[in-house]
Structures are given as C-alpha cells and as structure tokens.
Amino acid sequence: MLKAGIEINKREKIIREKFFYFLLLFLTVVVVAFVLGMVIYLIIKGSGAISWEFLSQKPRSGMREGGIFPAILGTIYLIIGTLVVSLPIGILSAVYLNEYASRNKLTRIIRFSIINMSGVPSIVYGLFGLGFFVILLKFGKSILAGSLTLAFLILPVIITTTEEALKAVPGTYRYASLALGATKWQTITKVVLPQALPGIITGSVLGIGRAAGETAPIIFTVAAFSQPNLPNSIFSQVMALPYHLYVLATQLTNTPEDMQWGTALVLLMVVSLFAIAGTAIRTRFRLRRKE
Amino acid sequence: MKSVRKSKIWALLSLATVISFLCSSLLLGCSNTEGAITEKSAVSGESQTEEEPLEEAGLSYEGKELVISGSTTLLQVSEAWASSFMEKFGGTVIVNGGGSGGGIADLINGTNELANASRQIKDAEMEAAKNAGLDIQEYTVLYDGIAVIVSSNVSIENLTIEQLSKIYTAEITNWKDLGGEDAGIVIIARDSSSGTGEYFLEKVVQMDKTLKDNDYSEMALRLQSNADIVNQIKENDNAIGYIGLGYLEESLKTIKVEGVLPTVESVKDESYPISRGLYVYAPHKELTDIGQAYIDFVLGNDGQEIGLKEGFVPVK
Amino acid sequence: MAQLRIRLKKVKSFLIEKFIFLNGIISILILGLILAFLIANSIRFFSSYPFFEFLTGQKWSPTVLEKFGFVPLLAGSLLVTFGAIVIAMPLGIGSAIYIGELAPKAVREILKPLIEVMAIIPSVVIGFIGIKLLAPIIKNLFNLSIGLTALTGSVMLAFMSLPTIISISEDAINSVPSRYKHASIALGATKWETTYKIVVPSASSGMFAAVLLGLGRIVGETMTVLMITGNSPRIVLSWLQPVRTITATIAAEMGETVQGGLHYSSLFALGLILFLITFLINFISDRFINRIRKS
C-alpha cells in the first residue's frame, strides 16, 4: 500500500517535473520564434528592395522611387557628431571613476546618476534637446542639436563599458609606470588607456548602434522629412534612417511596400553591424585577457 | 614599444574616421555632380527660348538653405515644389512636417523660415509672433477641400455637416443610425497640431464655430498625418476619416458632403462645403532671397501646375 | 627656471585633475540639468493650471477646450504597460530559467546572442512591424474594426522589454552560488526541485529587479506606441481599444507648441512625470540589484 502510494507520488512528481520543463521550454520557444520570425520576415520582405541604386541614390518622385542615400548619410553624420561629443567626455568620466574617485558618497551618486541616465526615456531626451539645444541655445533643428542630444543618450553606455575596460587593466601596470617616475596623467594616457582601447572601442561601437536606431530624440532636434543635399554646416538639418522609416510608414501614401521594408532592413543592418562589431571586439578582448 | 603600439592604434582609429568622412563626402560629391548634369539636361530639354534667362538665373542659390515646416496636407506638394525648385535654381530646400501648428510654432521659435499651414494663423499665434519680434506675412498658395472618406465596407454615400458633427462628437456611434449596417463607427481624426484637423473641427464639428464647446470625442483615434489616415481607412473596417484633396485616390471611398463630392471643380466654385485655403507664412523683413524666390516659384505658373498635379486647386 | 617648470607642471596636473573631475561628475550634471530644465519649464503649467484638475481631469484637450486632464493618458500608459508586463513576465522569466538552468550548453550559446539581437532592434522598426504585421492579425483575430489597440502596443512593448528581463534574470540565476545547488542535489533533490526550490527563490529579488527594469523600458517607450496604439485619449478598461500614452502625447504634440505657452509647459510637466516614474523604478531596482551583489 505504502509503497504503491510512494510510487504514485513519484510518478506524479515526474509528470509535474516534465510538465514544468516543457512549459519553460515552450516559453523559450515562443520568445525565439518571435525574434526569429520578425527578423526573418523583415529580411525576406526587405531584401528585394535592396540594391546598389537603393543605397546610393536620392529619393525621387515624392520619395516613392529612388533610394535612401541621404538618410544613410545623415545617420553617418549624426554618428560622427555624437561620437565627437560623447567619446572624450565618456572616457574621461570613466577615467575619473576608475582612477581618481575614492569610495565615497559622491562616487555612489555618480554611479546612481549613470544608471538613471540610461533609464531616462528617449522621448524625455528629445523634449530636453528641443527645449534646451534647439530653442534656448538657438542651435535650431540641426546636426549639432541632434548630436548633442544623442550624445547625452549614449553617454552611460560609453562610461560603463570604458570603466569595465579600465578595471581590467592590471594595477601592476600603473605601479610600474608610477615607479618609473611618470605622473598620474602620463600613466593614464600612455599606459592605462592604450591597454583599455579595445574596451573603449566596444563601448563606442555599442553606443553608436543605440544612437543610430533612435527616433524619438531626433524628430524634433535634427531629422528632416526631405533634405536631399549635402548639409551646409553643423547647423543644417539632415535626414536620418529611423525617421525616414517613420516617414515612409506613416507620413506618405502609396510608398511601395518593398521600399518601406527595405529601409527597415537597412536600418536593422546598420544597427546590428555596430552591435556585432562591438560584441566581437569585446569577446576577443576578453579571451585575450584570459590567456 | 608600448607607445608605438598606442600611437599606431590611435592613428588607425583616426584614419578610419577620416576615411569614412572622405568616402561619404566623395559619394555625395558624385551624386551631386550627377544631379548637376541632370539639372542641365532638364533645363536644356525644357524649351529653347527660355534657356538663356534660366541658365542665367540657374543655380544662383547654390549653397543656400531654406527650411520649411508645417502642414502635412502640404507635405507632398511642398516636397514636389522643393525638388523642382532645387532643379531649377539650386540651393537646398529642406521640407518638414509637424502639422500647421508645428510650422507656425517653428516660425515663432525661429527654427524654420517658412511655415506651411492648412489653416489661417490664430490671433494667439500672431501675438506670440509679435512678442518674438516677427512681422508675419501670409501667402495663399493653393485651395483645398477636405474630403471625408470611409472604409470600403461602409455603405453610406452622403452625410450632412450636422451628421458629421454628431459622428465626431460621438453622439452618433453606430452606422445603422445613419441608415447603414449595424456596426460601431471608428472615428479617425488628426492630432491637435494638424491644420486640417483644426479647420475640420471649426467648420464641421463645431458647425462653423456655433458650438464652441464641441471637441473631437475622446473615442476618436488621433493620427499623425493625412497619409496615416488613408492607410488606416484602407486597412480597417467601419472607419471614417478626413484628408486633404491632394490625398484622394480612386481606391478610397469618398463621401458626398451635403450632396456634393469633393473635386477640383466643386472646390473652385465653392459648392463643396468644406474647403479652405492653404497658406505659407513668412517673416516679412527677415525673408531671404531664396525664401522669396521659392514663394515666387510656388505662386508662379510652374508651381501652381505642380499643385494641380498633386490634386489641389490653383489660386489663379 | 627649474622651479618655474615644476610649478607649471603642478598647475598643469592640478588643472588636469580638475578637468577630469568635471568629466567624472558629468552624469550628475546632465541628469541635474535635465531635471532642472523639466522643472523650470513645467512651473508655468503647475502654477497656472489647478493641480487637482490636472490629476483628476478626464479630458485631454489641450488646444480646443484647454483642458489638461492626466487621467486618460495615465490610463492609456497603465493599460499598455500592464498588458506588456503580463505578457513579458512569464516569457522572460521562464526563458531565463530555461537558458540559465536547464538548457544544454550548445543551446545556451545560440540563445544568448539571439537575445542580444533582440535588444538592438530599433523601436521604430518594432513599431513598423507592429503596423504592418501585428495590427492586421489583431484586427482579424478579435474581429475588430481597427487593429491599432492597446493590445497591439502591449505585445510589441513586451517584446522590447524581453531582452532586459531575460538577461538580468539570467544574471541573477547565475549568481546563485553553486554550492547551494550541489547541496540540494546531494540531499537527493532532483534537478527540477533544485531549480524551483533553491535557485528561483534565491534569484527572486534579481528577477524582480529585472521585471522592474523591463517596466521602465516599457513605460518610456515612444515610437512604437505612437505608431500602433491609435492615440485616442479615452479612458477604457479594454485592451482591444485604441489608447493614448504619456510618451506618445509628448511626441505627437511637442512639435506644435510655442515656447512659453501653457501647452508647451504642460508637455514638460508630462516629461517631468515620466522622468520621476523612471527615476523611481531605477532607484528601486538598483536597490535590489545591489542586494544581490552584496550577498
């Protein structure tokens, strides 16, 4: 009797275990199917539109023909502008945190601010960029205003990855350099930063990936509906890929479907290119450290 | 040893930046010269007699920039104006949406030079402009009717202004109350930045401003552009929306308002009840050469013809 | 001469240090600047529009009736957010447990980069796919007139929050000391019993933080909801109707407002509220994450 009871109990347990195992597996499969489904569908629908002409020509006939070259170019300009602003600030900020800061309240507040900056919704950055850079500082809707807004947005990414890289530089390097009579600043620029370079590149590449895909911060700070020519200066507006996709999808009638999907695919490819490059550099870097 | 490696990496990095810069400007340079070539051929192809003066005026605005923003009703036609203008005169004309309110706000905030609007400037906006030290000039560039469109499954053919008002304030919520099938009405309106939305509100929902407390029902979907409304009406059922005449296409089911279909003719002879002017606002004194040239172009024969081709009614 | 040089050097290193310090606190400065700017611009709204009416007002009609009722926007945001979390939580935590505990190593190596791919898809692409793919499906599935609903937004936002939830939950699971597991298995518990009686409870606070951070991502997301939730400022309790969120309201209206006007100011007030909500969420989740690190 008792034995049979235990048997049943055990079988029940096994069934239950199997059930939960498959439930978890099922949940994972749903997630995977969702991602793969989306990406593959995007590739299938979009790849038809992608050609050299699509990538290298200006839009024609009310953006219903031709290519998306100005949008790609505008995104490149924004990326460069964003990096020029955020890279030095981000690196120095990480240098401060890792090389200078002591473990005190201020440092804790800094870290908390960084975490919070990465949590601030992108639309709030956009709102701030419009009110502060575009209107108050009179930069107008421009590459400058957009780059500054995006730079603020990706600063946390750059700071955290750079700091991680700085942390990985062994302390003995610093002591050796200092013992040889180098100043702290010399030690940082000549010894620590070069060692941390792969990590810094990773951070900037990941940051770029984020900046290139953002729409909400650029709608009101830089993105133009139509601007087919080379921008005159950093005070010019440019087109940008994510906003162009938004325009094609919601602001124009009768844009060919495959142009829309093609733009979405190009945007995804640009963003993943940076992400893949960033992760690849990081992985190589970590492997080398382990060796 | 170490510093050699460091400088190498930095050099590589900066080289990469420089190369990407060069590549992009080179590519653009190429596409620019391409553009220049087509410009010339377009000019010479046009007409022999006009060639000389055009050539003279041609590309005189090279390197200058004109920023336009505002009404999404005028978005497509502005884009057509801009590209035709750039082909003829050079320069860069940047066109943006944002809605009529957005364009006028940009003008006051000093972030554009010309504002497209599908409604007239409001007193409050005029005041704000004065406070900002702007003297604003109005140009009527085209006439437009606001077409009421429905999903293809809706069987209604004709609506009165009063019925439309009741639909948009959700007093009437079912198509059967209007003689259609038993289905809830999906109301689609524009967001508050839209001039079309505001004109429709005053003219139709508030019945020519007689019912000033009427606003779009909160049940109304608020979309960001004429195009978005067209797309959503096409793809969904039981929906009603409104768009500028320029966005009408044959595949859309258009409603007669007070028995009249919106067409270029019915807007011109004012028999279609919901029609209005489309405007460009410019700062009177600060208007640049290229801005003035653009306005002249738009009001000229070529500009008006483009307007007609885009489905609007010329002012002349 | 030599003394001068030394002094110059000292001044230089002092300046460098100060400069680096300035950069070090840049995040505080920027965050402070944003907060101060939001407050400064929303003061006009809060001082001239009755606060109580703002909090309890049921109409958002900024230009026609000049009524700034927060309730419809809050209701919209809550509805979409709640729906998204209900979808994302089981999927995210479930797959995190699977990836972290049960999956064979080879499968794990494939799944982890896939989750990272998910994290980088731009929100406008998600919105685009939502319009093109999901909205028609939802329309037909529930036999609706229109596919732009709160549910459409919830599903796509759930998708956007999944990478955050999965990767942080998985970190929490991985940080459970392996000696716990070994002890449990040594005592005769099965792998599954170990997972749900030892690992999951130990990682629960990390999972909570993960869900919170996912929540932060959902609350702040703009483009996706602007494109696919229909934006009607109604107060409803159904996921099958269009709604308007706080973020979409800012995005849809901030381009049209004149600097210094009440409407302009009201959007900054919305921005301030969003900022405070995400600040709170980050504050709490940070606490939980720190607790894991300490233990």
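Looking at B:Ile188 and the list (1) closer than 18 Å to A:Leu252 by Cα; (2) modelled with pLDDT under 90; (3) within 14 Å of chain C (Cβ to nearest Cβ), which single condition is not satisfied?
(2)
Of the residues B:Ala183, B:Ala128, which single one is touching a residue at least 40 places away in the same chain (Cβ under 8 Å), within 10 Å of chain C (Cβ to nearest Cβ) and small (Gly, Ala, Ser)?
One residue alone meets the criteria, B:Ala183.
Keeping to region A:202-232, report how many residues are more than 15 Å from the chain's Cα centre (by Cα) and more than 9 Å from every other protein chain (Cβ to nearest Cβ).
Going through region A:202-232 one residue at a time, the tally reaches 2.
State which residue is nearest to the other protein chains (Cβ to nearest Cβ) when the search covers only region C:211-240 and only residues that are in contact with a Gly (Cβ under 7 Å, 6 or more places away or on another chain) and farther than 23 Å from B:Met219 by Cα.
Here the answer is C:Gly216.
Show me the helices (runs of 4 or more DSSP H) entirely contained within region A:1-115 in which 2 or more residues are among the β-branched types (Val, Ile, Thr).
Of the helices (runs of 4 or more DSSP H) lying wholly inside region A:1-115, those with at least 2 residues that are among the β-branched types (Val, Ile, Thr) span A:2-47, A:69-95.
(1) touching a strand residue (DSSP E or B) at 6+ places or on another chain (Cβ under 9 Å); (2) modelled with pLDDT under 90; (3) in the same structural domain as A:Pro170 (by TED's automatic domain parsing): which one isn't true of A:Lys58, the others all being true?
The failed condition is (3).
Failed condition for A:Ile14, given (1) touching a residue at least 24 places away in the same chain (Cβ under 8 Å); (2) within 12 Å of another protein chain (Cβ to nearest Cβ); (3) of a type in the set (A, V, I, L, M), with all others met?
With (1) touching a residue at least 24 places away in the same chain (Cβ under 8 Å); (2) within 12 Å of another protein chain (Cβ to nearest Cβ); (3) of a type in the set (A, V, I, L, M) applied to A:Ile14, the lone miss is (1).
Could you check region C:89-111 and list, in sequence order, the residues that are over 21 Å from C:Ser202 (Cα atoms) and either crowded, with 16+ Cβ neighbours inside 10 Å or aliphatic (A, V, I, L, M) (or both)?
Once the filter is applied, which keeps residues that are over 21 Å from C:Ser202 (Cα atoms) and either crowded, with 16+ Cβ neighbours inside 10 Å or aliphatic (A, V, I, L, M) (or both), region C:89-111 yields C:Ala106, C:Val107, C:Ile110, C:Leu111.
Let's see how each residue does on (1) facing chain A (nearest Cβ under 10 Å); (2) under 27 Å from A:Gln251 (Cα atoms); (3) over 20 Å from the mean Cα position of the chain (by Cα):
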site: C:Thr63; (1), (2), (3): no, yes, yes
site: C:Phe82; (1), (2), (3): no, no, no
site: C:Ile93; (1), (2), (3): yes, no, no
site: C:Lys105; (1), (2), (3): no, no, yes
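Do you know which of the residues in region A:159-171 that are outside any loop (DSSP other than H, G, I, E, B) and more than 11 Å from chain C (Cβ to nearest Cβ) is nearest to A:Ile188 (Cα to Cα)?
A:Leu166
Can you find a residue in region C:78-100 that is touching a residue at least 24 places away in the same chain (Cβ under 8 Å) and touching a Phe, Trp or Tyr at 6+ places or on another chain (Cβ under 6 Å)?
yes
Looking only at region A:234-291, which residues are over 24 Å from C:Val225 (Cβ atoms), touching a residue at least 12 places away in the same chain (Cβ under 8 Å) and not in a helix (DSSP H, G or I)?
A:Ile234, A:Phe235, A:Ser236, A:Gln237, A:Val238, A:Asn254, A:Pro256
Can you tell me how many residues in region A:99-151 are more than 10 Å from chain C (Cβ to nearest Cβ), touching a Ser or Thr at 6+ places or on another chain (Cβ under 8 Å) and of a type in the set (S, T, N, Q)?
Summing the residues that are more than 10 Å from chain C (Cβ to nearest Cβ), touching a Ser or Thr at 6+ places or on another chain (Cβ under 8 Å) and of a type in the set (S, T, N, Q) in region A:99-151 gives 3.
Taking region A:233-242, which residues are more than 10 Å from chain B (Cβ to nearest Cβ) and surrounded by 23 or more Cβ atoms within 10 Å (Cβ to Cβ)?
Hits for region A:233-242 are A:Ala240, A:Leu241, A:Pro242.
Looking only at region A:5-18, which residues are of a type outside the set (Val, Ile, Thr) and surrounded by 11 or more Cβ atoms within 10 Å (Cβ to Cβ)?
Matches in region A:5-18: A:Lys13, A:Arg16, A:Glu17, A:Lys18.
Please work out which one of (1) within 12 Å of chain C (Cβ to nearest Cβ); (2) touching a Leu at 6+ places or on another chain (Cβ under 7 Å); (3) not hydroxyl-bearing (Ser, Thr, Tyr) is the condition A:Phe69 fails and give its number.
With (1) within 12 Å of chain C (Cβ to nearest Cβ); (2) touching a Leu at 6+ places or on another chain (Cβ under 7 Å); (3) not hydroxyl-bearing (Ser, Thr, Tyr) applied to A:Phe69, the lone miss is (1).
Testing B:Ser275 on (1) farther than 20 Å from B:Asn158 by Cα; (2) among the small types (Gly, Ala, Ser); (3) out of contact with any Asp or Glu (no Cβ under 6 Å at 6 or more places or on another chain), one condition comes back false. Which one is that?
Of everything listed in (1) farther than 20 Å from B:Asn158 by Cα; (2) among the small types (Gly, Ala, Ser); (3) out of contact with any Asp or Glu (no Cβ under 6 Å at 6 or more places or on another chain), B:Ser275 misses just condition (1).
Looking at region A:251-267, which of its residues are of a type in the set (Val, Ile, Thr) and surrounded by fewer than 24 Cβ atoms within 10 Å (Cβ to Cβ)?
A:Thr253, A:Thr255, A:Val266
If I ask for residues that are surrounded by fewer than 17 Cβ atoms within 10 Å (Cβ to Cβ), more than 13 Å from chain A (Cβ to nearest Cβ) and under 25 Å from the mean Cα position of the chain (by Cα), which ones from region C:26-55 would you list?
Selection gives C:Leu55 alone.
Okay, residues lined up against (1) modelled with pLDDT of 90 or more; (2) assigned by TED's automatic domain parsing to the domain that holds B:Gln163; (3) surrounded by fewer than 24 Cβ atoms within 10 Å (Cβ to Cβ):
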{"site": "B:Val204", "(1), (2), (3)": "yes, yes, no"}
{"site": "B:Asp215", "(1), (2), (3)": "no, yes, yes"}
{"site": "B:Gln224", "(1), (2), (3)": "no, yes, no"}
{"site": "B:Glu235", "(1), (2), (3)": "no, yes, yes"}
{"site": "B:Asn238", "(1), (2), (3)": "yes, yes, yes"}
{"site": "B:Thr288", "(1), (2), (3)": "no, no, yes"}
{"site": "B:Ile295", "(1), (2), (3)": "yes, no, yes"}
{"site": "B:Val315", "(1), (2), (3)": "no, no, yes"}
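Might you check whether a residue that is of a type in the set (Lys, Arg), within 26 Å of B:Glu79 (Cα to Cα) and not assigned by TED's automatic domain parsing to the domain that holds B:Tyr272 occurs anywhere in region B:115-132?
Looking for residues that are of a type in the set (Lys, Arg), within 26 Å of B:Glu79 (Cα to Cα) and not assigned by TED's automatic domain parsing to the domain that holds B:Tyr272, one finds at least one in region B:115-132, hence yes.
Need a quick list: helices (runs of 4 or more DSSP H) entirely within region C:129-199 having at least 2 residues that are within 24 Å of the chain's Cα centre (by Cα) and buried (at least 24 other Cβ atoms within 10 Å of the Cβ).
C:150-174
Within region A:173-196, is even one residue free of Cβ contacts under 8 Å to residues at least 24 places away in the same chain, closer than 23 Å to A:Ala280 by Cβ and assigned to a helix (DSSP H, G or I)?
Yes - at least one qualifying residue is present in region A:173-196.
Across region C:258-294, what is the number of residues that are under 28 Å from B:Gly70 (Cα atoms), of a type outside the set (A, V, I, L, M, F, W, C), at pLDDT 85 or above and in contact with a helix residue (DSSP H, G or I) (Cβ under 6 Å, 6 or more places away or on another chain)?
Number satisfying all stated conditions: 3.
Pick from C:Leu31, C:Leu55: which is free of Cβ contacts under 8 Å to residues at least 12 places away in the same chain and either within 28 Å of A:Phe132 (Cβ to Cβ) or in contact with a helix residue (DSSP H, G or I) (Cβ under 8 Å, 6 or more places away or on another chain) (or both)?
None of the others qualify; the one that does is C:Leu31.
The values are calculated or read from the model by the stated rules, or taken from the named source; none is laboratory data. If you're wondering where the values come from, they're calculated on a predicted model, not measured in any experiment. Neighbour counts are summed over all protein chains in view; Cβ atoms, including those assigned to glycine, are modelled from backbone coordinates with ideal geometry.
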